[in-house]
Structures are given as C-alpha cells and as structure tokens.
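Accompanying notes for the structure given below.
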Amino acid sequence: MSRCGVLVGCSGRLEPGLSWTSSQLEYRISSGPDEETMALRGWRLNLKLDLKRGPADVPVYLQIVHGLLGEIRRGRLIPGEVLPGSREMAQRLGVNRKTVMIAYDELIAQGWLTSRGTKGTFVSAKLPEPKARPSESSNDGVRSRNEARNIGRLAPAVQLPVIFPQPGMLLLDDGTPDTRLFPAMSFSRAYRSIMTVGGKVGKLGYGDPRGNLSLRSAISRMLNVDRGLATTPEHICLTRGSQMAIYLVSRLMIRPGDHVVVDDLTYPPACEAFRMAGANILRVRVDDDGTDMASLEKVCRRHRVRLVYLTPHHHFPTTVLLSPTRRLRLLELASRFGFVVVEDDYDHEFHFQHQPLLPLASFDPSVLYIGSMSKLLSPSLRLGYMFAPAKFIERAAQEICLIDRQGDPVTEQAVAELVETGEVRRHASRARKIYATRRKKLAALLRAELHGTVDFRLPDGGLAFWLTFVRTSDLDRLEQTAPKHGLQFLPSRSFSGRPDGRRGIRIGFAALDDAGLREAVRRMKAAIAS
C-alpha cells in the first residue's frame, strides 16, 4: 500500500461539492474572487492519504504537506490561489482539523503558503523555488522534478559486464573464494574485542585515510618476507578491494589523451576505469607466455605510452603466467620508453604447481603494485592495497578523502590481528589444498563431459579456468541457452575490446564443491546440446 502521495488531477470548471472514489479522497472547491489577489481559477485538488499508520509510516500531516507541495510544484496550485479553510479541508479529508492546521503552519513556515487572517490561507505569491513548466512530451503535461533541475545531465555510462546472483540460477563466477571456508569465529572474536576496547578508549573515530597502521605494517612485512619487496607502512595504502586501487591509479596517473596499454584479453573493470579517466586504450597480444613484448615494443615506438596494466602472475582471464624472460624484458622497456607499470597481483596466494614467481615490484620499486585480501579471505571484507612510492601514497590518501574519507578501521584492525596471530596463513594453507582438489575435479569433469567441445589449459594457479571452444557455434549456443538451463557467467566478448576479438569464458572453481562442479558441467553440456 502506498504510504503517501499525490494523485494527478487536472484543472476544471468550478464545481462545488464532494466526490468520493474507492482509492482516494477527492474534494472540489469553488471560491469567489478576492480583491487583493489575482482572480481565482477553479481547481480540482487530489490528495491520497494513508490513514492506517504503523510506527514507521509517514504522519498524516506530512502526507498533506507533501501532497500540497506536489500540487504547487506541478503548477496546479498557482501563486495567490486560496486554499479551503482548515475545518473544510479536514472534513473533506476525513482527518482532525488540528492535523490540517499543523500542515498549513508547516507550509507557511517554509514560505509556500501565507495566512491572511479571516480571508484565508493562500499559495504564496513568491514561492521558495520556481515551479516546473509543463512538458509537452510527458503523458500528463508535467515535467518531472529531476528533469526540471537538470539532474538528467549525467556523465557517460560505465560500460561494465556485471552479473548478480539470481534465485534458481547457478552462478559461474570469474574466480572468487569459497566464503564458507572463511575463519568466521576467529574474525568475530577479534572484531568484538576491538569494538569493546576501542569504544572504551575512544579509538572508533576518524583515522588515517591510508588505512589502519597495524594492517599496513602487517602487509608490509608480508610483502617483504613472502614476495621479496622492500616496503615500509608509508609505502602501503589500503583500499576497498583491488578495483578501488585501480580506480585511484587511473585518477592520479592519467590525463585525457594519455595512452594506456592493456592485453588484448584483459580485466574489463580496469579498462573501463582507464577509459573513464580519458585514456586512449591500446592493446597488445597475450599468448601462452603472457604479454607479447615484441608487440608492446611496437606500440611504444608508435605512441608515447603513459601506463601499462598487467596481471602477470595469473593473467586475467587466461590464467597464464608471464615468463621470467618477458618480465625482465618488460622492465627494460619501461626504463627505455618511460612508462609506468601497474602490476595487478589479485590472487597471489593460490599457486598449485610450484612456488609463485616474485612480483615485478620486487625487481623495480617504481612498479605500482596492487594486491587484494578479498580473494584470500572474503570479498565482503573489501580489503585491497597498493604498494607505491611514498609520494604517490600521500596523494592517494588525499583522493580517498574525497571518496569515503577512510575505510573500516575496525575490520582492518581485526584482519591485522588475524595476520599477526598466523590465522591468515593457516587459512590460506587450508584453502589452497581444498582449491587444488576442486581444480583437478573440474578438469576431470571437463575432459569427460566436454571433450572435443572445449579446450583449456590446466591453470598453474588462480581460482578459475579459461575455456575456449573448438567450434564457435557451440559457444554461441551455450551463451544463448544458458539462462534456460539456469546458468550465469560473464559474456565471452567482455574480455576483449574488439567485436572480432578472441572469445572464451572464464569459470571459477573455488566457490563450488564437488556437487556444484558436477552440476555446472552438466548444465553447460545440456545448454550446448540443446
């Protein structure tokens, strides 16, 4: 049931009396001219009130206020027009007279109405804001309030392929963790302790926009010990996921017209962040050894490249590893042509074949390094981080103050405690073993059920498979019929910037147990065969 609102009416002849409908209380009032105001016209005012109120409902007097404001803003009540007396209005609306008097007093105080003693209550001759002009294109001849205030003038729409879980649908994500494995009890104990102590000592207020110092220190030590970087907390900035870090890089590094290089298959939200910053996106080929450096060098000879964005550890979406030879070549090209390397190491912890290669940032501290704890723990925690020169981190902190001032210090402190106590390391070890088993399970199912239909390379690491199709028609049929078979996944064209670019689908395996993996492959097979 509608709590309050205004039903659209129309001006008409003066017609005394009262008419009733089942859905609204409607009154029609006639009045003679007033010598001190403009000539009155006939009007037909429609208000709909909800008189059966609960504790959370809008008070009746405010419903009257909103209704009359709507009529004034829409031009149905014009400046100088008289309203019925409070007693008459109350009778027609079926409410207490005092309720109408309170509504009138509120509108008088705001400047929408004026009282002239015994002569009555009038629409103010000078309204607080100009009323909207009728729009010929609208159905009721009234321009919407948003259009009247030019709210419709928005920035260009963001072009992102996004899927959200729907009831009855099996979501094949692009590589997210199984949140059922999250150490919820350990986290809740740490969180509760910090809330209790922080509340007593006054540490639940504003803090450093770079993030909680304890967590920045813990991440700094982790990067130094496990990934070979040379960091201090001053080189670390916490973000709400790796995507926010990418956005900050685009805001701080790119000016309209700058050239940014990405792979021909890449992470769509990063590309979109660069595009929205005004960058010209240039693409280079990626193969089984990662980004093709010969292709990158050709681009650099033709254009002055500002930034190169890569996912070298587990390439998104194909999962391939940038070879050691190409890593050294990339850093040599960066030095020669003067571009900045942005290294997105979004799921470093999950490698199954051998020890992961050290990040590019461990060899060159000028590399902007982006990491995430969302893939390690839970996406709902929204924890990412950047490693960069201290000057860049200081500037990023200023930008964060314009976005959300800071993150969640309590969550950050709780995660820092889990890191310090070794809980995060133990969780990573447990999860890695489970994910390794699921990785093998999905590979076996694909070979058994979709042999001759899909091609894939068993990923050395990461949380997803990259599937290409022997016949394009099978991929087309899968995408067309997937919804009928209860399947959701990112479109195959979302990873390439060209309509004729390479196509494939990225399927995460970490969040599905054995039954979920079997059901996913069964539905894929049925969709392709349908």
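The values are calculated or read from the model by the stated rules, or taken from the named source; none is laboratory data. Owing to the predicted nature of the structure, the values given are computational and were not obtained by experimental measurement. Cβ placement follows ideal geometry from the backbone for every residue including glycine, while neighbour counts extend to all protein chains displayed.
One residue alone among Arg336, Arg329, Arg304 is on the phi < 0 side of the Ramachandran plot, touching a strand residue (DSSP E or B) at 6+ places or on another chain (Cβ under 9 Å) and of a type in the set (Lys, Arg), and that residue is Arg304.
Quick one: would you say Tyr247 is out of contact with any strand residue (DSSP E or B) (no Cβ under 7 Å at 6 or more places or on another chain) and crowded, with 22+ Cβ neighbours inside 10 Å? Spelling it out, Tyr247 is indeed out of contact with any strand residue (DSSP E or B) (no Cβ under 7 Å at 6 or more places or on another chain) and crowded, with 22+ Cβ neighbours inside 10 Å. Looking across region 219-264, the residues that are more than 13 Å from Ile400 (Cα to Cα), outside any helix (DSSP H, G or I), hydrophobic (A, V, I, L, M, F, W, C) and modelled with pLDDT of 95 or more come down to Ile236, Ile254, Val260, Val261, Val262.
Scan region 62-80 for residues that are surrounded by fewer than 19 Cβ atoms within 10 Å (Cβ to Cβ) and either in a loop (DSSP other than H, G, I, E, B) or on the phi > 0 side of the Ramachandran plot (or both) and jot them down. Once the filter is applied, which keeps residues that are surrounded by fewer than 19 Cβ atoms within 10 Å (Cβ to Cβ) and either in a loop (DSSP other than H, G, I, E, B) or on the phi > 0 side of the Ramachandran plot (or both), region 62-80 yields Gly75, Ile78, Pro79, Gly80.
Per-residue answers, yes or no, for (1) in contact (Cβ under 8 Å) with a residue 40 or more places away in the chain; (2) more than 23 Å from Phe392 (Cα to Cα); (3) basic (Lys, Arg):
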position: Pro317; (1), (2), (3): yes, yes, no
position: Leu328; (1), (2), (3): no, yes, no
position: Arg336; (1), (2), (3): no, no, yes
position: Val342; (1), (2), (3): yes, no, no
position: Asp347; (1), (2), (3): yes, yes, no
position: Phe350; (1), (2), (3): yes, yes, no
position: His354; (1), (2), (3): yes, yes, no
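Based on what the data block shows, is Ala431 in contact with a Pro (Cβ under 8 Å, 6 or more places away or on another chain) and over 24 Å from Ile194 (Cα atoms)? Against the criterion (in contact with a Pro (Cβ under 8 Å, 6 or more places away or on another chain) and over 24 Å from Ile194 (Cα atoms)), Ala431 qualifies.
Pairing residues of region 288-300 that are closer than 18 Å to His314 by Cβ with residues that are among the hydroxyl-bearing types (Ser, Thr, Tyr) and assigned to a helix (DSSP H, G or I), at Cβ distances under 9 Å and at least 6 apart in sequence or on separate chains, gives Asp289/Thr325. Taken together, Pro177, Pro209 contain a single residue that is under 23 Å from Lys391 (Cα atoms) and either free of Cβ contacts under 8 Å to residues at least 24 places away in the same chain or crowded, with 17+ Cβ neighbours inside 10 Å (or both), which is Pro209.
Could you go through region 391-406 and let me know if any residue there is assigned by TED's automatic domain parsing to the domain that holds Val249, within 16 Å of Leu229 (Cβ to Cβ) and in contact (Cβ under 8 Å) with a residue 12 or more places away in the chain. Yes: region 391-406 contains one or more residues that are assigned by TED's automatic domain parsing to the domain that holds Val249, within 16 Å of Leu229 (Cβ to Cβ) and in contact (Cβ under 8 Å) with a residue 12 or more places away in the chain.
Say we look at region 322-363 and pick out the residues that are in a loop (DSSP other than H, G, I, E, B) and aromatic (Phe, Trp, Tyr); which of these is farthest from the chain's Cα centre (by Cα)? Of everything passing the filter in region 322-363, Phe363 is farthest from the chain's Cα centre (by Cα). As a summary of the residue check, Arg506 satisfies the conditions (1) among the basic types (Lys, Arg); (2) outside any helix (DSSP H, G or I); (3) surrounded by fewer than 16 Cβ atoms within 10 Å (Cβ to Cβ) except for the one numbered (3).
When Leu517, Leu512, Leu467 are checked against the criterion of being among the hydrophobic types (A, V, I, L, M, F, W, C), part of a helix (DSSP H, G or I) and either crowded, with 17+ Cβ neighbours inside 10 Å or in the same structural domain as Pro312 (by TED's automatic domain parsing) (or both), Leu517 stands alone in meeting it. Among residues of region 91-118 being surrounded by fewer than 12 Cβ atoms within 10 Å (Cβ to Cβ) and assigned to a helix (DSSP H, G or I), the one that is modelled with the highest pLDDT is Lys98.
Would you call Leu475 modelled with pLDDT of 95 or more, surrounded by 15 or more Cβ atoms within 10 Å (Cβ to Cβ), more than 26 Å from Leu377 (Cα to Cα) and in contact with a strand residue (DSSP E or B) (Cβ under 6 Å, 6 or more places away or on another chain)? Answer is yes for this residue. For region 382-395, taking the residues that are crowded, with 22+ Cβ neighbours inside 10 Å and in contact with a Lys or Arg (Cβ under 9 Å, 6 or more places away or on another chain), the one that is farthest from Ser220 (Cα to Cα) is identified as Leu383.
Within region 360-374, the set of residues being in contact with a Phe, Trp or Tyr (Cβ under 6 Å, 6 or more places away or on another chain) and not aliphatic (A, V, I, L, M) comprises Tyr369, Gly371, Ser372.
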